[in-house]
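Please treat every number below as a calculation from the coordinates, not as lab data. Just so you know, these numbers come straight off a predicted model, no measurement behind them. Here the Cβ positions follow ideal geometry from the backbone for every residue, glycine too, while neighbour counts run over all protein chains shown.
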Amino acid sequence: SRTYTLAADSTLVTDGYYLYAYQATTNVLLAFTITVSGATITITQTSSTPMHFDTAGDPLAMLVFANMKLVAATTKGKVYDCTAYLGGTKPTALPTAAYTPPVPTLRFVSGCSGRKAIYLLSVVGDRSAVHGFDIARSSSDGAIDTLVYSGVVAELPDGEIGKCIYSYLGYVAIGSNR
């Protein structure tokens, strides 16, 4: 048995089988397996080697598991498909960004699954928008896929700040300050 203490800047996401804990201060992603036996839940680290994200001074601000993809966004709004980090051999560097915002102050705060898409909620000043990312299949058997930015799919009224986004049964809900 081992106890893990996560920093206040940690982000937790799960795919239902694994629990991923990202710590911004160390730029490290730890993966844990979750097993349930009766009333007992056991969480075990999957590897003694943590996954390091080299974001060149732009730490991850958001991490979401949606549509079988691990998606990360940095404090400067760059979006990465980090699904390769879930496999056996870990990449030594981040992949090419799936999206780089034209406004450097854009920050993604939340994300969710959609039908054949992933939605990320952004905030810039007093404006918020939902951005869509398609999952493009690169081979006929669907074994390889990539995250492709498809654009802004919804905007909130000026002054309404998006806090979170969630999907359920094909509907998407946005939580805001209003």
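Quick notes on this one:
- Net charge, Phe108 excluded, C-beta distance under 11 Å - Lys, Arg +1, Asp, Glu -1: +3
- Taking a point 7 Å from the Cα of Ala84 along the Cα-to-Cβ direction, the residues of the range 97-138 with backbone N closer than 12 Å to it are 97-98.
- FRET efficiency, 1/(1 + (r/R0)^6) with R0 25 Å, evaluated for Ala173 and Thr40 via beta carbons: 0.15
- Where the Cα pairs of the range 104-178 fall when distances are cut into 5 Å bins, in %: 3, 16, 24, 23, 14, 10, 5, 3, 1
- Positive minus negative residues near Lys76 (Lys, Arg vs Asp, Glu; Cβ under 9 Å): +1
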